[in-house]
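So the structure is just underneath, and the comments pick up after that.
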Amino acid sequence: MALPLLVVVSGPPGSGKSTLAHELARAIPCPAISRDEIKEGLVQTLDGYTPTQGDELSVRTLDIFFGLVGTLVDAGVSLVAEAAFQHRLWAPSLTPLLERSRIHIVGCHADPEVAWERINRRAAELPARRLVHGDPSLDEPFESFVAKLAAFERVVRPVPTVEVDTTAGLDPGLAEILFAVGARGKSD
């Protein structure tokens with residue numbers, strides 16, 4: 001039996017990774033596991049949660065996310081795992097999966113103006129989301145946001161990696177991304 005495919009979709013906020021992760025999962029087909037969606041589900045069980053950097057719920061979410069990814073890989077399930085983690089958080093949890101899955105990394109990025117607009121639009125359309133994640137970038141000047149994007153440390157592992165520009169659609173396109181990650185799915 002072949003090892004399951006693990007497509008890691010990562011990038012800074014507003015880079016289009018959630019949209020791409022779900023699109024890839026539909027095309028492969030397989031489940032998409034989103035760190036933010038797990039946290040949003042956890043918050044539904046709490047009263048009066050206020051997000052802070054590295055709070056207990058964020059740590060718990062991290063443990064659940066990687067536990068779920070590991071459980072699915074060990075069960076032979078191919079999947080797409082998506083989060084805005086930087087290298088320091090991805091690397092330790094992906095290393096044990098190198099021999100248990102076929103990992104491929106998809107790094108997302110977008111022009112800073114587009115990423116900024118996406119974050120602000122999402123906050124306006126889904127105000128409850130900000131209550132879960134905080135989105136501190138909304139309270140800072142655009143120049144600070146650009147500096148954070150520039151400092152984002154991409155996940156690096158000794159596995160195939162494809163960079164995707166989501167500024168105006170997908171570059172490369174979905175068919176090329178599926179090919180790059182070794183998916184056996186379809187791109188229609």
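Residue under question is residue 20, and the condition is that it be in a helix (DSSP H, G or I) and surrounded by 15 or more Cβ atoms within 10 Å (Cβ to Cβ); does it hold? Can you show your working first?
Values: in a helix (DSSP H, G or I): yes; surrounded by 15 or more Cβ atoms within 10 Å (Cβ to Cβ): yes.
So residue 20 passes the test.
Residues in segment 18-30 that are of a type in the set (Gly, Ala, Ser) and under 12 Å from the mean Cα position of the chain (by Cα): 2 in all. No other residue among 103, 33 is under 22 Å from residue 178 (Cα atoms), under 12 Å from the mean Cα position of the chain (by Cα), surrounded by 14 or more Cβ atoms within 10 Å (Cβ to Cβ) and in contact (Cβ under 8 Å) with a residue 40 or more places away in the chain apart from 33.
Got at least one residue in segment 96-105 being farther than 17 Å from residue 34 by Cβ and assigned to a helix (DSSP H, G or I)? Give the steps one after another, and end with the answer.
Of the residues in segment 96-105, the ones farther than 17 Å from residue 34 by Cβ are 96-104.
When the remaining residues are screened for being assigned to a helix (DSSP H, G or I), the result is 96-97.
For segment 96-105, residues farther than 17 Å from residue 34 by Cβ and assigned to a helix (DSSP H, G or I): present.
If only one of 47, 63 is out of contact with any strand residue (DSSP E or B) (no Cβ under 6 Å at 6 or more places or on another chain), assigned to a helix (DSSP H, G or I) and over 20 Å from residue 175 (Cβ atoms), which one is it? Don't jump to the end; show me each part of the working.
On the way: 47 fails: assigned to a helix (DSSP H, G or I).
Testing whether each residue is out of contact with any strand residue (DSSP E or B) (no Cβ under 6 Å at 6 or more places or on another chain), assigned to a helix (DSSP H, G or I) and over 20 Å from residue 175 (Cβ atoms) leaves just 63.
Would you check if residue 72 is closer than 19 Å to residue 28 by Cβ, modelled with pLDDT of 95 or more and either buried (at least 21 other Cβ atoms within 10 Å of the Cβ) or within 13 Å of the chain's Cα centre (by Cα) (or both)?
Values: closer than 19 Å to residue 28 by Cβ: yes; modelled with pLDDT of 95 or more: yes; either buried (at least 21 other Cβ atoms within 10 Å of the Cβ) or within 13 Å of the chain's Cα centre (by Cα) (or both): no.
Answer is no for this residue.
When residue 7 is tested against (1) under 20 Å from residue 73 (Cβ atoms); (2) in a loop (DSSP other than H, G, I, E, B), just one condition goes unmet, and that condition is (2).
Here is a yes/no grid of residues against (1) surrounded by fewer than 21 Cβ atoms within 10 Å (Cβ to Cβ); (2) over 25 Å from residue 164 (Cα atoms):
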| site | (1), (2) |
| --- | --- |
| 7 | no, no |
| 11 | no, no |
| 37 | yes, no |
| 60 | yes, yes |
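Could you check, for segment 78-93, whether at least one of its residues is of a type in the set (Asp, Glu), outside any loop (DSSP other than H, G, I, E, B) and crowded, with 19+ Cβ neighbours inside 10 Å? Walk me through it before giving the result.
So in segment 78-93, the residues of a type in the set (Asp, Glu) come out as 82.
Retained after the next criterion (residues that are outside any loop (DSSP other than H, G, I, E, B)): 82.
Now drop any that are not crowded, with 19+ Cβ neighbours inside 10 Å, which leaves 82.
The answer is yes; a qualifying residue exists.
Considering each of 158, 127, 141 in turn, give the residue that is at pLDDT below 85, loosely packed, with under 12 Cβ neighbours inside 10 Å and more than 16 Å from the chain's Cα centre (by Cα). Sole residue among the options that is at pLDDT below 85, loosely packed, with under 12 Cβ neighbours inside 10 Å and more than 16 Å from the chain's Cα centre (by Cα): 127.
With respect to (1) out of contact with any helix residue (DSSP H, G or I) (no Cβ under 6 Å at 6 or more places or on another chain); (2) in contact (Cβ under 8 Å) with a residue 60 or more places away in the chain; (3) in a helix (DSSP H, G or I); (4) not hydrophobic (A, V, I, L, M, F, W, C), the lone exception for residue 52 is condition (3).
The values are calculated or read from the model by the stated rules, or taken from the named source; none is laboratory data. Since the model is a prediction, treat every value here as computed from it, not as a measurement. We place every Cβ from the backbone using ideal geometry, glycine too, and count neighbours over all the protein chains shown.
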